[in-house]
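Asks: Dropping a structure here in structure tokens format, bear with me for questions.
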Amino acid sequence: MNKTWIIIKREYITRVRNKTFILSTILTPLLFVGLIATITFISVKNVDREKVAVVDPQGILKGNIENAKAITFEFPADVDSSNYKEKGYTAVLYVPADSSKEYRLVSKKQFGLIAEGNLEDKINQSIENNMLKTKYNIDVKELEQQKEQAGNVNINQAYYEGSEVKKGNSALAYGIGYGSGFLIYITLFIYGTMVMRGVMEEKTSRIAEVVVSSVKPFQLMIGKIVGIGAVGLTQFLMWIVLIFTLLGVASALLPTETLQQASDASQQMNGGSVGMAKNAATGFADFKGTMAAANWFLIISCFLFYFLFGYLFYASLFAAVGSAVNEDPADAQSLLLPITLPIIVGIFIMINAITNPSGTLAVWGSIIPFFSPIVMMARIPFGVPGTVPYWQLILSMVLLVAGFLFTTWACGKIYRTGILMYGKKPTWKEMWKWAFRKY
Amino acid sequence: MDLLELRNLKKHYATQKAVDDISFSIKKGSIFGLLGPNGAGKTTLLRMITGIFYPDSGDIIFNGKKFNPQEDVRDIGYMPEERGLYKKMKIGEQAVYLAQLKGLKKSEALEKIKYWFTRLEMESWWNKKIEDLSKGMSQKLQFVTTVLHDPSLIILDEPFSGLDPVNANLIKDEIFHLAQRGATIIFSTHRMEQVEEICDHIVLVNQGKKILDGTVNEVKQTYKENIFSIKTSEAAAVISSHLFDVVEHKEKQLLVKINEGSTSNDVLQHFINQNLTIESFNEVLPSLNEIFIKLVEGTRATRQFQTVA
């Protein structure tokens, strides 16, 4: 036990002291928060504020058009396309004299997507208002008031959990589930590969035999897995602390007004690249409000459990692959496939489970150890024991721990043989024999 | 007293009998040579002695008790043929780490490392990394990490491969020094001239079996072919005789093989009777290299894979 501890310490310290580790631990949250802040900032600043002079001899728009967020309309007397710039306008809008819809906008610059959309909306609306007034004699402002009085219906989703009634928030659950499922998926790969590389390093640098003449191969493998797992946990905790601190600092620095604007602006946007900015901006604006709604204690402790045991379950498999291959990275690739495949299948089940967290696929996916670390984390935010009954959670956890013990035992035997074998890559049949022979 | 005794050790792999019923014993404080061609089963044998492999059957007696890998690794230093160190780790830390894995406390480890680093003039290496060292330097470091914890049994598998003559001599002197201080050394190689120089006792294995066991002198006596070298002041007139066959003939020097039934004195008499002045007359013992080749040649050099029933 004591020697395993020495190995754990070495694995941990050499990695934590590594410059790449320090940089990635500090830079990732900075990058993450920086990206969100930049997108928010850009989405606020990027909305063009235009002053448009309207030439409207018939008076179709005058008194009917409202200023939009991005555009102000004015009706000066002596402005035309020759002098609008000097008067401080970005554009001149000519309203057609007849009933045709040929509105002409004269400007030196191309209007942004948002500003142009705004312009069209406003003109259409004012024509509509004008028609309503002249034809039916309806005052639009009065109509709006009436509409408001009629009231809006809000659906407040509530579900019962024990004696307590909780407010449901499926969008938040979706976000948390998706995020944590994906995070576990990525970490399984990152730290699993790190374990495999570590084992390969020991094998190819020929230190394995020196070490196993002092300690049991199993101790060396466990020491490596636990050491790297501790590195992963350290990195995670630092990321969480840093991200929360930075987000807190950022949202304190940015005035609430700006955040509100960001949220408003984002609602007017549409389209591909704008959509992403929209999500980030809304997410940021909503950040404080929604954080309180989730059961954070349960989610974080389950996350840590599934992160840890998911990692332990897969790490020994990665170690076994690392022990079986030699210098050739191509060998590692082909042997890795059967390990990466279930992880990738897991992420697909997770994507399905998040839209249907009580479906058969979701339930089984969250119980079978190969997928459960990823899939279960997508279901838990929807509620325990509402969406995930206790028996499923407990069965899933027990099976994962049992699975971890089994893979570690079997892979320990593959590792023991593989680490001292040089020469050709073993076949699956040979590795199977190593794992299940008696001695 | 024997430090190590192997009794009927067997280890079979799926396709070959790597070690097939080998027994021998090693005296405390001796330098023992384990010889054999490539693939003879030496490494498997050594891995069993170091507790890395368990024998299929047979016993290993270490220090009078049944060998217990967990406890006895503290007393064994093993430098395998396939050896290496962590490339990115600092040399000092690496030495401490390996010593700790052997069961030394950190303070003890530091003390011993200081002793050895001073002894082999390696003090300035502490903060360097392995990747900065030449092959010979890392070999030296490897030797230090092997003997650092004062093991009573030191196992060296091809310790001189990659070393220049100066460093090889340095390590050789250290090996003698360690043996003088009571350590037992198993020295595995297929370089016979080194064995002749260093080892007291040798065992030769081939195809998983022991085919030779004894002190270097005993072995040579066993395999001697009664060949004598005679040097005379002037060329001999009559050289043919029923007493011996001429193996090699130069003007004033003869290499003869004495026939069965006659003795060296008879041969000497034969030349003295010719009124020659004998400058030297001595027996020529075979070199270990010759014995090795003689015993191993004829068997397939690389082992054939055979199915084990």
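The values are calculated or read from the model by the stated rules, or taken from the named source; none is laboratory data. Only a predicted model underlies this, so the values are computations on that prediction, with no experimental measurement involved. Methodologically, a virtual Cβ is constructed for each residue, glycine included, from the backbone with ideal geometry; neighbour enumeration extends over all protein chains shown.
Asks: When you look at A:Arg379, is it of a type in the set (D, E, K, R), in contact (Cβ under 8 Å) with a residue 12 or more places away in the chain and under 22 Å from A:Cys302 (Cβ atoms), yes or no?
Replies: The answer is yes for A:Arg379.
Asks: Condition first: in contact with a Leu (Cβ under 7 Å, 6 or more places away or on another chain), assigned to a helix (DSSP H, G or I) and surrounded by 21 or more Cβ atoms within 10 Å (Cβ to Cβ). Can you find one or more residues in region B:126-137 that meet it?
Replies: Yes; the residues of region B:126-137 include at least one that is in contact with a Leu (Cβ under 7 Å, 6 or more places away or on another chain), assigned to a helix (DSSP H, G or I) and surrounded by 21 or more Cβ atoms within 10 Å (Cβ to Cβ).
Asks: Also, quick follow-up: Mind counting the residues in region A:402-416 that are touching a Phe, Trp or Tyr at 6+ places or on another chain (Cβ under 8 Å), more than 10 Å from every other protein chain (Cβ to nearest Cβ) and of a type outside the set (Phe, Trp, Tyr)? Steps first, please.
Replies: Filtering region A:402-416 for residues touching a Phe, Trp or Tyr at 6+ places or on another chain (Cβ under 8 Å) gives A:403-404, A:407, A:410, A:412-416.
Going one step further and asking which of them are more than 10 Å from every other protein chain (Cβ to nearest Cβ), we end up with A:403-404, A:407, A:410, A:412-415.
Keeping just the survivors that are of a type outside the set (Phe, Trp, Tyr) gives A:403, A:407, A:410, A:412-414.
So the answer is 6.
Asks: Tell me, which strands (runs of 3 or more DSSP E) wholly within region B:142-209 include 1 or more residues that are in contact with a Pro (Cβ under 7 Å, 6 or more places away or on another chain) and within 14 Å of chain A (Cβ to nearest Cβ)?
Replies: B:153-157
Asks: Kindly check whether there is at least one residue in region A:432-439 that is within 14 Å of chain B (Cβ to nearest Cβ), under 25 Å from A:Val226 (Cβ atoms) and basic (Lys, Arg).
Replies: Within region A:432-439, not a single residue is within 14 Å of chain B (Cβ to nearest Cβ), under 25 Å from A:Val226 (Cβ atoms) and basic (Lys, Arg).
Asks: Any chance you could count how many residues in region B:65-113 are among the acidic types (Asp, Glu), under 20 Å from B:Leu4 (Cα atoms) and either more than 29 Å from the chain's Cα centre (by Cα) or surrounded by fewer than 20 Cβ atoms within 10 Å (Cβ to Cβ) (or both)?
Replies: So the answer is 2.
Asks: Can you name the residue in region A:196-234 that is assigned to a loop (DSSP other than H, G, I, E, B) and surrounded by fewer than 23 Cβ atoms within 10 Å (Cβ to Cβ) and is also farthest from the other protein chains (Cβ to nearest Cβ) among such residues?
Replies: At the first step, the residues of region A:196-234 found to be assigned to a loop (DSSP other than H, G, I, E, B) are A:205-207, A:213-216.
Applying the additional criterion that residues be surrounded by fewer than 23 Cβ atoms within 10 Å (Cβ to Cβ) yields A:205-206, A:215-216.
Numbers: A:Ser205: 4, A:Arg206: 3, A:Val215: 6, A:Lys216: 8 Å.
So, considering only residues that are assigned to a loop (DSSP other than H, G, I, E, B) and surrounded by fewer than 23 Cβ atoms within 10 Å (Cβ to Cβ), the one farthest from the other protein chains (Cβ to nearest Cβ) is A:Lys216.
Asks: Being among the β-branched types (Val, Ile, Thr), in a loop (DSSP other than H, G, I, E, B) and surrounded by 14 or more Cβ atoms within 10 Å (Cβ to Cβ) is the filter here, so list the residues in region B:231-269 that pass it.
Replies: B:Ile239
Asks: Suppose we filter B:Lys231, B:Lys220, B:Lys210 for residues that are out of contact with any strand residue (DSSP E or B) (no Cβ under 7 Å at 6 or more places or on another chain) and basic (Lys, Arg); which single one remains?
Replies: B:Lys220
Asks: Which one is farthest from the chain's Cα centre (by Cα) among residues in region B:10-21 that are surrounded by fewer than 23 Cβ atoms within 10 Å (Cβ to Cβ) and away from every other protein chain (no Cβ under 14 Å)?
Replies: B:Lys17
Asks: For region B:184-230, give me each residue that is basic (Lys, Arg), under 24 Å from B:Gly261 (Cα atoms) and buried (at least 17 other Cβ atoms within 10 Å of the Cβ).
Replies: Our first condition is that a residue be basic (Lys, Arg); within region B:184-230, this holds for B:191, B:209-210, B:220, B:224.
Now narrow it down to the ones that are under 24 Å from B:Gly261 (Cα atoms): B:220, B:224.
Selection gives B:Lys220 alone.
Asks: Give just the number: which of (1) under 27 Å from B:Leu45 (Cα atoms); (2) at pLDDT below 90; (3) in contact with a strand residue (DSSP E or B) (Cβ under 6 Å, 6 or more places away or on another chain) does B:Asn127 not satisfy?
Replies: (1)
Asks: Condition check: surrounded by fewer than 16 Cβ atoms within 10 Å (Cβ to Cβ) and modelled with pLDDT of 75 or more. Does A:Glu148 satisfy that?
Replies: On the way: surrounded by fewer than 16 Cβ atoms within 10 Å (Cβ to Cβ): yes; modelled with pLDDT of 75 or more: no.
Criteria not met by A:Glu148.
Asks: For region A:395-421, what are the residues that are within 28 Å of the chain's Cα centre (by Cα) and among the aromatic types (Phe, Trp, Tyr)?
Replies: Correct list: A:Phe404 only.
Asks: Here's a follow-up. Does region A:242-255 contain any residue that is more than 14 Å from chain B (Cβ to nearest Cβ), surrounded by fewer than 16 Cβ atoms within 10 Å (Cβ to Cβ) and of a type in the set (S, T, N, Q)?
Replies: Yes, region A:242-255 has at least one match.
Asks: So B:Thr215 passes all but one of these: (1) over 17 Å from B:Lys294 (Cα atoms); (2) modelled with pLDDT under 85; (3) assigned by TED's automatic domain parsing to the domain that holds B:Pro159. Which condition number does it fail?
Replies: (2)
Asks: Limited to region A:55-65, what total is found for residues that are at pLDDT 70 or above and over 10 Å from A:Ile123 (Cβ atoms)?
Replies: Within region A:55-65, residues that are at pLDDT 70 or above and over 10 Å from A:Ile123 (Cβ atoms) number 6.
Asks: I've got another one for you. Being among the aromatic types (Phe, Trp, Tyr) and at the interface with another protein chain (Cβ under 9 Å from one of its Cβ atoms) is the filter here, so list the residues in region B:65-110 that pass it. Quick ask: steps written out before the conclusion?
Replies: Our first condition is that a residue be among the aromatic types (Phe, Trp, Tyr); within region B:65-110, this holds for B:67, B:78, B:86, B:97.
Result: B:Tyr78, B:Tyr86, B:Tyr97.
Asks: While we're on this one: Being within 11 Å of chain B (Cβ to nearest Cβ) and either more than 31 Å from the chain's Cα centre (by Cα) or not in a helix (DSSP H, G or I) (or both) is the filter here, so list the residues in region A:1-26 that pass it.
Replies: Within region A:1-26, A:Asn2, A:Lys3, A:Thr4, A:Trp5, A:Ile6, A:Ile7, A:Lys9, A:Arg10, A:Arg17, A:Asn18 meet the criteria.
Asks: Residues A:Thr25, A:Thr20: which one is hydroxyl-bearing (Ser, Thr, Tyr), loosely packed, with under 12 Cβ neighbours inside 10 Å and at pLDDT 75 or above?
Replies: Sole residue among the options that is hydroxyl-bearing (Ser, Thr, Tyr), loosely packed, with under 12 Cβ neighbours inside 10 Å and at pLDDT 75 or above: A:Thr20.
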